[in-house]
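Reviewing the structure listed below.
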Amino acid sequence: MLGIIRQRVARKGVPASIVEQSLQRIRNRPVAYASRCYSSTAKQMTVRDALNSALDEEMSADPKVFLMGEEVGEYQGAYKISKGLLDKYGPERVVDTPITEAGFAGIGVGAAYYGLKPVIEFMTINFTLQAIDHIINSAAKSNYMSAGQMSVPIVFRGPNGAAAGVGAQHSQCYASWYSSCPGLKVLAPYSSEDARGLLKAAIRDPDPVVFLENELLYGESFPVSAEVLDSSFCLPIGKAKIEREGKDVTITAFSKMVGFVLKAAEILAEEGITAEVINLRSIRPLDRSTINASVRKTNRLVTVEEGFPQHGIGAEICASVVEESFEYLDAPVERIAGADVPMPYAANLERLAVPQIEDIVRAAKRACYRSVPMAATA
Amino acid sequence: MAFCLTKAKKLIYNHLKSKMGSLGIINHGNWTHPVSFSHPIPQNLKKPDTFFTNNTTLFASRRFESIIAGKHLDSLRNVFDEIEVLNFPGGKVKFTSEMKFLSESPEERIHCYRVLDDNGQPTVHSNSVQIGEEVAVKMYNDMVTLQLMDSIFYEAQRQGRISFYLTTIGEEAINIASAAALNIDDLIFPQYREAGVLLWRGFSLQEFANQCFGNRDDNGKGRQMPIHYGSKKHNYFTVASTVATQISHAVGAAYALKMDGRDACTVTYFGDGGTSTGDFHAALNFAAVMEAPVIFFCRNNGWAISTPVSDQFRSDGIVVRGQAYGVRSIRVDGNDALAIFSAIQAARRMAIGESRPVLIEALTYRAGHHSTSDDSTKYRPVHEIEWWRVARDPVSRFKKWIESNGWWSDEAEFELRSSVRKQLLHAIQVAEKVEKPAIAEIFTDVYDVPPANLCEQETLLRETIKRHPQDYPSHFQFPL
């Protein structure tokens, strides 16, 4: 209701700020979570270095932490995430494995049952399908099934989702698969700060964590403050981050899509739409309160993800908002997701199968009634 | 890479000579290590870590060692007729000019180690460990207790008092004797037919009953089906329904034990069927590579539900597979308590002292049905079942041995059986009456700390039960 008033007033040319001020007195504004982690003298750090330093520091701090996976040792990591760790910690703590995801996931779980803290690296999360029985049945459910006698402080990590030109069996996003399972925690970092803070939190956490990285983000640099670089730095699991505040539409995303959404937000800002960008960071547990608070502020929601649309993260977010903030919605929720096809290889086809910045911009406009809705049944 | 040679030796020699000769000229100056063919692989080269981290040039020279042989052409010529060796990553291999396939089935199957004959008398030349009276009597007591527990709980399921049960009939020796030869610090990763191991370690009959009834006193908090026992106190990891996953877990835990330098090993049990899984393969392979102190105990009881071993694999049982992975292995008579005891004790010493995995294949027979959901007379002859159950019963065989030592009597037998029977019936009666677990236990242990959404749901559930008691009938029990 308030959202419609504001829109109508805006269209008539009244400056938005005046409208906002008057509306503020009318409605309760919930406290929005905002963080300013970047100091003015920000150092740049790639996500790769962020992950490497996080692993290094956690292994140094706790002798129970060890890394296991294919190519993690001698090869310095398939994506060089574990560079230098074999030299520093030796082959007992950086274990190169034979090719059997099921095998080394099971062995990692066994070590965790005993009390070690394994970090299991998969060359891509796609390969976790070989090990998914151990992840779900041996890790996620064990604490519950054993009535608390067998805890599993393990981290399963690797690059998730689409890379570039790697085809269907190397490009699927498994965020919704793992985040539907109770007993697991599922994290998806975007920036270097996310990568460092969340990986440290995951390693320290007594529950099994699936840590979804992104291959294309490994080489991207982000500013990091001194606080982030400190070895005790840690981010809370279950808290999303508002990357950019806005008033007109809430856009949620995780991992690489956060970058796309931020760019889309800039384009939208030029057209007078301020988008509030939420970086989910934690898929399970999902930060429903931050999302709902934001939607109650903006009254419109666009969810963005790279994975397949059916039963995706956007579906869960939409359901949560409909359940808790139905009367605040002024428009149907827009879901942007990857195409409902196995990922093709050809560059043009691949580009069409993955959300692009323009898709996000158009969806935000639709949510703000600035363009024609693309209803499936229209 | 195929290295079967069918050419005459002379042709090969000339071929190699020309290759080495030209390469010898190119590389003559670079490598100056005179390595002869008869030199065994240096010790430090066997350990991959020193191999790679210390000396990449050494690696390079190892790769081209066969070229260096150009220098030794003269000495080669002399020994050529005696030995021809291929320098392969992974070790030297002798050539042969005879094309011979390894047979798929051996002329003779691997022999089966046993100590006691069918009449419970020690066989001649048995190098078994001596067991004292106290241990032997406890072993027998526990075997009888296990047997009685199985029959009474099976009946309880048939009467509808518990939903499911699975017996160890025919495998009492495997259960008790293997447990007896281990220390309490050794970690057990069971499949599901090893309740006797937990019994030996001190899990009480009441505790078994509580788990089967899923009541409030169940240390598993009513989370699992019957027979899915687990006890951290007894170092017995909770039974899971997934087949053979415990094998990989055992290797991981063994690796952790090794890193901790503990005087303990892990022991994992699985059946003949479980060896077909990917987990078995990965775990054995890994254990050998990681040099993990784990004992793999295969209960080859001839049947995986209705699948006989002839449909399960075509190898000579499981013992030969251990060898294939580079794991020391032995085959034992699974109905001979003393043979199992000796083998486990020796395996344990090797596993911990030499930091290596060991495989024990115990040949036995699943004399009972797979579980209460199975009627095995449908797929195997009744007389076969009866023969194994009676003529090859491991309990009576061990009884004959302890009787012949003067450690047991008919009176003691009667006492034991009637006392255990009473205890079991009492345990069931008590377990049946105990309240079911509190509803809070639906929500605990999902995570280390219950998350906000589950706390909310619990509050909501309690309110709902209070508000709509008619939807929560009392015979179901919803203790708040």
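The values are calculated or read from the model by the stated rules, or taken from the named source; none is laboratory data. What you see is a predicted model; the values in this text were computed from it and never measured. Every residue, glycine among them, receives a Cβ derived from its backbone with ideal geometry; neighbour counts consider all protein chains shown.
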If A:SER82 passes every condition in (1) in a loop (DSSP other than H, G, I, E, B); (2) modelled with pLDDT of 95 or more; (3) farther than 27 Å from B:LEU257 by Cα but one, which one does it miss?
-> (3)
Where a residue in segment B:237-255 is facing chain A (nearest Cβ under 7 Å) and its partner, wherever it lies, is of a type in the set (D, E, K, R), with Cβ under 7 Å and at least six apart = B:THR242/A:ASP133; B:THR245/A:ASP133; B:THR245/B:ASP279; B:SER248/B:ASP279
In contact with a helix residue (DSSP H, G or I) (Cβ under 8 Å, 6 or more places away or on another chain) and either over 19 Å from B:ALA179 (Cβ atoms) or small (Gly, Ala, Ser) (or both), is that true of B:SER151?
-> no
Residues located in segment A:295-333, provided they are under 16 Å from A:VAL186 (Cβ atoms) and assigned to a helix (DSSP H, G or I) | A:ILE313, A:GLY314, A:ALA315, A:GLU316, A:ILE317, A:SER320
Scan segment A:72-79 and give yes if some residue there is closer than 20 Å to A:PHE156 by Cβ, within 13 Å of chain B (Cβ to nearest Cβ) and among the aliphatic types (A, V, I, L, M), otherwise no.
-> no
Can you spot a residue in segment A:259-273 that is in a loop (DSSP other than H, G, I, E, B), within 27 Å of A:GLY158 (Cβ to Cβ) and assigned by TED's automatic domain parsing to the domain that holds A:ALA337?
-> no
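Yes/no matrix, rows are residues, columns are (1) among the hydrophobic types (A, V, I, L, M, F, W, C); (2) in contact (Cβ under 8 Å) with a residue 40 or more places away in the chain; (3) assigned by TED's automatic domain parsing to the domain that holds B:TRP303:
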position: B:ALA351; (1), (2), (3): yes, yes, yes
position: B:ILE360; (1), (2), (3): yes, yes, yes
position: B:LEU363; (1), (2), (3): yes, yes, yes
position: B:GLY368; (1), (2), (3): no, yes, yes
position: B:THR372; (1), (2), (3): no, yes, yes
position: B:ASP375; (1), (2), (3): no, no, yes
position: B:LYS378; (1), (2), (3): no, yes, yes
position: B:VAL382; (1), (2), (3): yes, no, yes
Those residues of segment B:107-164 which are among the hydroxyl-bearing types (Ser, Thr, Tyr) and either assigned by TED's automatic domain parsing to the domain that holds B:SER178 or modelled with pLDDT of 95 or more (or both), in sequence order = B:TYR113, B:TYR140, B:THR145, B:SER151, B:TYR154, B:SER163
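Residues are listed down the side, and each one gets a yes or a no for (1) of a type outside the set (D, E, K, R); (2) in contact (Cβ under 8 Å) with a residue 24 or more places away in the chain; (3) crowded, with 16+ Cβ neighbours inside 10 Å; (4) more than 14 Å from every other protein chain (Cβ to nearest Cβ):
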residue: B:LYS422; (1), (2), (3), (4): no, no, no, yes
residue: B:HIS426; (1), (2), (3), (4): yes, no, no, yes
residue: B:GLN429; (1), (2), (3), (4): yes, no, no, yes
residue: B:GLU441; (1), (2), (3), (4): no, yes, yes, no
residue: B:TYR447; (1), (2), (3), (4): yes, no, yes, no
residue: B:ALA452; (1), (2), (3), (4): yes, no, no, no
residue: B:CYS455; (1), (2), (3), (4): yes, no, no, no
residue: B:GLN470; (1), (2), (3), (4): yes, no, no, yes
Selected residue (only one of B:TRP407, B:TRP387, B:TRP401 is under 33 Å from the mean Cα position of the chain (by Cα), assigned to a loop (DSSP other than H, G, I, E, B) and more than 30 Å from A:GLY183 (Cβ to Cβ)) | B:TRP407
Out of (1) of a type in the set (Phe, Trp, Tyr); (2) within 9 Å of chain B (Cβ to nearest Cβ); (3) under 23 Å from the mean Cα position of the chain (by Cα), what's the single condition that is false for A:PHE127?
-> (2)
Have a look at A:PRO182, A:PRO189 and point out the one that is of a type outside the set (S, T, N, Q) and within 13 Å of chain B (Cβ to nearest Cβ).
-> A:PRO182
Can you find a residue in segment A:195-209 that is within 30 Å of A:TYR345 (Cβ to Cβ) and either crowded, with 24+ Cβ neighbours inside 10 Å or touching a residue at least 60 places away in the same chain (Cβ under 8 Å) (or both)?
-> yes
Positions within segment B:430-453 being of a type in the set (Asp, Glu) and within 24 Å of A:PRO206 (Cβ to Cβ), in sequence order = B:GLU441, B:ASP445, B:ASP448
From the residues in segment A:98-118 that are surrounded by fewer than 24 Cβ atoms within 10 Å (Cβ to Cβ) and under 16 Å from B:ALA288 (Cβ atoms), which one is farthest from the other protein chains (Cβ to nearest Cβ)?
-> A:ILE99
Subset of segment B:120-173 that is under 24 Å from the mean Cα position of the chain (by Cα) and aromatic (Phe, Trp, Tyr) - its residue that is farthest from B:ASP410 (Cα to Cα) | B:TYR165
